[in-house]
Each structure stands twice: as C-alpha cells, then as structure tokens.
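> Here's a structure for you.
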Amino acid sequence: MAPDSPLLLAAVILVSALHMGYLARRVGWSRMAHKILPPAVTGPPEFERTFRAHQNCVEFYPMFLVLLWTCSTFFSELAAVVGGLVYMVARQMYFNGYVKSTKKRLPGFYLTLAVMLTLALLALTGILRGILHKYFHIHL
C-alpha cells in the first residue's frame with residue numbers, strides 16, 4: 001500500500017455508506033411497524049416522514065461524496081474527514097428530527113448545508129491554489 005493512500009477518507013466513505021444502509025433499514029422497520037408493503041410510499045404521517053427523510057439523505061449523498069473527495073484531494077484529507085464525520089452527525093440529526101416532526105428536521109438540515117458549503121469552499125480553495133501553481137507558477 002502506498003504511504004500516501006487516503007486511508008482516513010476511505011474509512012469515512014465506508015462509514016457513510018454503512019450509515020446510509022442504516023437509514024434505509026429504519027424505513028424498513030417503519031414499513032413493518034405500519035404494515036406498509038412495497039412499493040407503497042404513503043401511509044401514516046410517521047412513515048411518510050421516515051420515508052421522506054431517507055429519500056432526502058439519498059438525494060444529498062452523491063453531492064456529499066463529490067465534495068468530500070474533492071476537498072480531500074485538493075485541499076486536505078484531514079479537513080475532508082472532519083467534514084465527513086460532522087456531515088454524518090448532521091444527517092442523523094436531520095433524520096431523527098424529521099421522523100418526529102417536519103420542523104424538527106431543520107437543525108440537522110442547516111448543519112448539513114453548512115458542512116457541504118464548507119467542503120465546497122475548501123475544495124474550491126485547493127483547486128484554485130493548484131491552478132495558480134500549475135499554470136501560473138504562483139505559489140500560495
């Protein structure tokens with residue numbers, strides 16, 4: 001294994017994939033509790049909120065992975081790893097809040113947005129720094 005392998009990044013990506021699986025399982029448990037068979041996606045409000053919370057997490061996941069990888073590659077693996085861990089906490093806060101009430105999802109949602117914006121800005125900083133270095137020989 002190369003000494004510069006992104007082991008921490010790989011660990012966070014693996015944990016995030018397992019976390020997504022756990023959230024999917026929560027939808028399954030809610031289906032069983034409310035006796036809702038697939039492919040139905042409607043039912044009692046608690047089930048619909050659980051289903052929607054998971055769907056939102058699925059919708060955000062590709063953006064998260066792109067930002068995580070780009071931040072790690074062009075800015076800092078450690079910064080990306082910290083961002084990835086905070087992202088998972090934010091998504092869990094969002095999910096748990098949404099299951100209880102649509103209004104209770106907001107703290108986790110806002111934290112998610114803050115993490116994603118931070119990862120995007122760090123990635124952009126790293127990319128711009130790389131462009132300046134490679135093409136203009138400006139070292140920042």
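Bear in mind these aren't lab numbers, they're just calculated from the coordinates by the rules spelled out. Values in this document were obtained by computation on a predicted structure and should not be read as measured data. For neighbour counting, all protein chains shown are included, and Cβ atoms are generated from backbone atoms with ideal geometry for every residue, glycine included.
> Which numbered condition trips up TYR135, out of (1) closer than 25 Å to SER5 by Cα; (2) hydroxyl-bearing (Ser, Thr, Tyr); (3) surrounded by fewer than 20 Cβ atoms within 10 Å (Cβ to Cβ)?
Result: TYR135 passes all but (1).
> Within the stretch 96-132, how many residues are more than 30 Å from PHE51 (Cβ to Cβ), among the hydroxyl-bearing types (Ser, Thr, Tyr) and loosely packed, with under 13 Cβ neighbours inside 10 Å?
Let us first name the residues in the stretch 96-132 that are more than 30 Å from PHE51 (Cβ to Cβ), namely 121-132.
Then drop every residue that is not among the hydroxyl-bearing types (Ser, Thr, Tyr), which leaves 125.
Cutting the leftovers down to loosely packed, with under 13 Cβ neighbours inside 10 Å gives us none.
Adding up the residues that qualify gives 0.
> I need the full set of residues from the stretch 1-23 which are assigned to a loop (DSSP other than H, G, I, E, B) and either within 13 Å of the chain's Cα centre (by Cα) or in contact (Cβ under 8 Å) with a residue 12 or more places away in the chain (or both), in order please.
Kept after step one, since they are assigned to a loop (DSSP other than H, G, I, E, B), are these residues of the stretch 1-23: 1-6.
Result: PRO6, single match.
> Restricting attention to the stretch 24-47, report how many residues are more than 24 Å from PHE64 (Cβ to Cβ) and in a loop (DSSP other than H, G, I, E, B).
Of the residues in the stretch 24-47, 9 are more than 24 Å from PHE64 (Cβ to Cβ) and in a loop (DSSP other than H, G, I, E, B).
> Continuing with the same structure: Give the number of residues within the stretch 49-59 that are of a type in the set (A, V, I, L, M, F, W, C) and surrounded by fewer than 18 Cβ atoms within 10 Å (Cβ to Cβ). Break it down into steps so the answer makes sense when it comes.
Here is the first cut: in the stretch 49-59, the ones of a type in the set (A, V, I, L, M, F, W, C) are 51, 53, 57-58.
With surrounded by fewer than 18 Cβ atoms within 10 Å (Cβ to Cβ) added as a condition, the list becomes 58.
Residues meeting the conditions: 1.
> Can VAL41 be described as farther than 18 Å from ALA24 by Cβ and surrounded by fewer than 20 Cβ atoms within 10 Å (Cβ to Cβ)? Don't jump to the end; show me each part of the working.
Numbers: farther than 18 Å from ALA24 by Cβ: no; surrounded by fewer than 20 Cβ atoms within 10 Å (Cβ to Cβ): yes.
So VAL41 does not fit the description; no.
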